[in-house]
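The values are calculated or read from the model by the stated rules, or taken from the named source; none is laboratory data. Worth saying up front: this structure is predicted, and the values here are computed from it rather than measured. Cβ coordinates were reconstructed from backbone atoms using ideal geometry, including for glycine residues, and neighbour counts include every protein chain displayed. Ligands, DNA and RNA are excluded from the accessible area calculation, which covers all protein heavy atoms including side chains. Shrake-Rupley method; radii C 1.70, N 1.55, O 1.52, S 1.80 Å.
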Amino acid sequence: MKRSLGFLGNEILLGTMIALLSVFTAVASFQGAMADSEQNKYEILGMQALNDGNAEYLRTNQDITQDYNYFDNWYLNVDERPEIAEYYEGNFSENLAAAIERDPETVWDDQYYTDMYADSDSYFVD
């Protein structure tokens, strides 16, 4: 009889240990899921900022290319067809107009590119 009681004590101890292990595993899984949720949230926010920055960078490249085209057409027409040149000059970006005002001989200076890429660069600062 004493021997069967000892066996039952071991069974209760073993059952208690399994129950505690299950509870601790559930708590650890819950904490891991919460941490993973935060990680996913910030990873998605980071990817969003990167995508927005890349899109803004590509838009800026298109704006610069458009400025090149407007400037080339303005330059080709400024002497012979001033009315056409005036049309292209009216389409210059603010940054291109400011660059021409700074130095008509060196239109495409570093300041022009810095000003043009300011919006897209702001996405990569943080």
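Structural remarks
- Dimensions of the chain from C-alpha coordinates, computed as largest minus smallest value along each principal axis and given longest first, are 118, 22, 14 Å.
- Rounded, prolate or oblate (a/c below 1.5 giving rounded, otherwise prolate when a/b exceeds b/c) for region 52-126 by Cα gyration tensor: prolate
- The chain: calculated mean residue ellipticity at 222 nm from DSSP helix runs of at least 4, using -39500 (n - 2.57): -29000 deg cm²/dmol
- The mean accessible area for residues of the chain, using a 1.4 Å probe and ignoring ligands and nucleic acids, is 78 Å² per residue.
- Inter-centroid distance (Cα atoms) of region 95-126 relative to region 39-76, Å: 14 Å
- Here Tyr113 and Glu86 are evaluated by their C-beta separation; at R0 = 30 Å the FRET efficiency comes out at 0.70.
- Most tightly packed first, judged by the mean number of other beta-carbon atoms within 10 Å of their residues, the peptides 87-93, 56-62 read 87-93, 56-62.
- Rounded to the nearest 20, the Cβ-based charge dipole of the chain about its Cα centre (Lys and Arg +1, Asp and Glu -1) stands at 2200 debye.
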